[in-house]
Each structure stands twice: as C-alpha cells, then as structure tokens.
Amino acid sequence: MFENVQAAPADKILGLMMQFREDPRDNKLDLGVGVYKDSHGDTPVLAAVKSAELRLFDSQKTKAYVGVQGDKEFCAEMASLVLGDSVSMDRARICQAPGGTGALSILSMLIGRTAPDATVWLSDPTWPNHMPLLKNARLKTQQYPYYDTKNGKLLFDGMMEALSAAKPGDVLLVHGCCHNPTGADLDLAQWAAIADLCLEKGLLPFVDFAYLGFGDGLEEDAAGLRLLASKVPEMLIAASCSKNFGVYRERVGAAMIIAAAPAQAEATFTQLMSVTRAVYSMPPDHGAAIVRMVLTDPHLKSEWITELNDMRNRMLKLRSGFAEALRRESNSSRFDFIADQRGMFSRLGIAPEEIDRIRADHGIYIVGDSRINIAGLPDNRLDEVARAIVSSIE
Ligand code: LMR
C-alpha cells in the first residue's frame, strides 16, 4: 500500500519551526510560528492560567470522558466572550474543539456533509492551513483578493467585486480580527457591507477567530463579528484560546453554529456532534477546564484580562518601535504600515531570496511569504533586526 506514496509537502510554518530548532547559532531568532514571546523571549504560562491549573489539580475528581460536546460551562462562557448579546442564544449551539484548527476542521466537515456543493471563498492571502483543512473536508475553494502586499493595503473593493461571483449557499471565510498573515483588518463599515452581501447573495459567513484580544481589545476585536452575527440568519465561528490564554499545546477552541431558528440550530448541531464523534470522539478536557475556571472566577478573569492587555500593549509598542527602526534604517516610509496593522503578524513584502538571505546571514527566521511574527521580536533587538532586513533587500 505504501510503495508508491510520495512525501507530503512540508507545511510552510511548521517546516520553518523545525529548521529553526536545528540551527546551532546562539543569536538565532524565530519570527516564524505565531507564538507570543515576552521581553525575555519566553512564552510563559499566564499567571491566571497557572492558578486555575493548580486549583484544577486539587479539585478534579475524575478523568472520565467529558462528553462529545465537551465542557458545557466552557462553551457557554466562550459564547458570551465571542458573541456578547449580538444573537439570541437559543439560535446558537457551541461545542469545545481541539484548538482553533480542530474547530475549523469539524465545521468544514459539517459544511461538507450538509452543503457538499458549496464553494468556500477565502482571502488571498490566508493562513496556510486553511486550504488543506478545507480540502480534507472535500470542499471546493476559491480565493478573493484581500491584500496588496507590495503597498501594504487592504483590497476591499477587489474583495467585494470577486465575491459578486459567489453563488447562493457558498461560504465566506473571513478572519475575525488580526488577519493572519497580513495584520490588515476590516473596519466596521466593511463588516456591515459584508453582512449586506451575505444577506443579498445568501452566503454563509464562517469566521476564523483566533486572536480575540490581540488587536485593540476584547470588545473592540469582537465588534465586527458581532455586527455580522446580529444581521445574518446563519453563521459559523471557529474560536481559539491558544493565543489569548497562551494555552497553545493544550489545544483549546470552540466551534459555534448560529441558525435562523432554534430547531435548525439543534438539528445542525447533532450533525456537528456526529462529525466530531467520527473524527476524535470527544475533546480533551484539561485546557478547556482551565479556561472555564478563569472565565467563571471574577478574580482570575480580571487577572487574565490584565495579562491579555499587557500582551496586546507590548505588541502595539513593538509595532511602532519596529516601524520606526525600519524607517531609520531604510530611510524611507516603506514599512510604516506595520505600525497601523494589528495582531501578531505583518507581511514585509520582500522577496523569497531576500528572506533566505536574512535567515542565512543573520539567523532570523521569517515565513517564505514574508510574514513576520511581531510578537516574537525582543525589545532590545529591533534595530538589529531592522538593519539585517534592510541590508538584505535590494
Ligand atoms: C501561525 O499561524 O503561526 C499559528 O497559527 C500557528 C500555526 O498553527 O500555524
């Protein structure tokens, strides 16, 4: 069976992460994979998460299965964190999922099961794992223009124009905030235009929400998604807790379905649970139990919000500091867009051979499409990284 199997192409981000681990240089710097690092270059466990984990250790009485939906209190807390009061909860159903990717995958399989002929429209560019996971669900895909990398600009008109070719029942995949890989987000007027487009053309919005709280704040980052949820009859959301709770390896996420009426939500949810049962049966408990404990304890919740605010403010400071350093080194405004974008990522808009040179000569790892993890920049190396970049480009 395996004699003729060809090796799968390496994932752009994970391949780079492995290459970085094998690089023996002391001053190497990983600006590839999306992991937040503090000013010491560490990714520590958040204090609120650690406290919850200790409590969990003391209070947990069983390791029996958590059930196919996962932790129901976690689901309810996630629904209120993400949706606020934008939609009546009897039209929504939520399950726990193994990370944002797990949520995206089971929702994609749900689309495959209930609307196999739908085309999923996704941004160009998008997170490199979107396409493979949609293909895994045997879905057709098409991309809409989203970002002009050369000029650091959102292409909203181009996006809307391309989407005019979408058919009723097609799915529109959008990033809820902190667009990965560009850091260029939709404003509220653009979210409203997307809601109108979905209503007019009968499209199903599918929101990938992996960076809540990493852009401008918990409420601010959810505003576009909530606006959409308040207008459309149906919607899918894949939320992740990896970044905002720093629980990456615990794999914590939530998949949400909004339907036009409670009975439809319930029937669709039974299909989602049947997909889940066939794929991994039941989700892991540990990480979601921690997030549930943080969100239901007022003291831990406020500690977490403070820690989340610190991470966000540090990223915003890094953005402006790095844009300034690049301005000084390049003597130009070419990279000024970095200061205005949001979240962990921006695209430098430099050529692949320049990225290779930066890695070979300076040990600085940037994804091949020129995506840089701003949150991986050490405060005291902004000038050095800016110099390495500018000296390696034409
Ligand atoms: C990223 O985009 O770097 C993160 O979301 C990690 C991943 O799984 O790719």
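Read-outs throughout are calculated quantities, based only on the coordinates presented, and are distinct from any laboratory measurement. None of these values were measured; they are calculated from a predicted model. Cβ sites come from the backbone with ideal geometry, for glycine too, and all protein chains shown count toward neighbours.
What is the projected area of the convex hull of the Cα atoms of the stretch 135-225, averaged over all directions, in nm²?
So the Cα hull casts an average projection of 6.3 nm².
Regarding the chain, what are the three Cα extents along the principal axes, ordered largest first, in Å?
61, 56, 54
If you average the alpha carbon positions of the stretch 291-344 and of the stretch 26-97, how far apart do those two centres end up, in angstrom?
Measuring centre to centre over Cα atoms gives 20 Å.
Using the per-residue mean of other Cβ atoms lying within 10 Å as a proxy for protection, in what order, highest first, do the peptides 8-19, 178-189 fall?
178-189, 8-19
Could you tell me which residue out of I94, P352, Q143 lies farthest along the dipole of the chain toward its positive end? Charges go on the beta carbon: Lys and Arg +1, Asp and Glu -1, centred on the Cα centre.
The listed residue farthest towards the positive side: I94.
Calculated from DSSP H runs of 4 or more alone, at -39500 (n - 2.57) each and per residue, what is the 222 nm mean residue ellipticity of the chain, nearest 500?
-14500 deg cm²/dmol
I need the peptides 39-46, 366-373 ranked by packing, meaning the mean over residues of other C-beta atoms within 10 angstrom, with the highest value on top.
Descending mean neighbour count gives 366-373, 39-46.
How large are Rg and Dmax for the stretch 247-352 when calculated on the C-alpha trace, in angstrom?
For the stretch 247-352, the Cα radius of gyration and maximum Cα-Cα distance read 21.1, 61 Å.
Using only the alpha-carbon atoms, what does the stretch 213-259 span along each of its principal axes? Please give whole angstrom values in decreasing order.
34, 23, 8
Quick query: amide H of C177 versus all other amide H atoms, modeled in the peptide plane; which residues come in under 5 Å with a sequence gap of 5 or more or a different chain?
The answer is A210, Y211.
From the square roots a ≥ b ≥ c of the eigenvalues of the alpha-carbon gyration tensor of the stretch 190-330, which class results: rounded (a/c under 1.5), prolate (a/b over b/c), or oblate?
oblate
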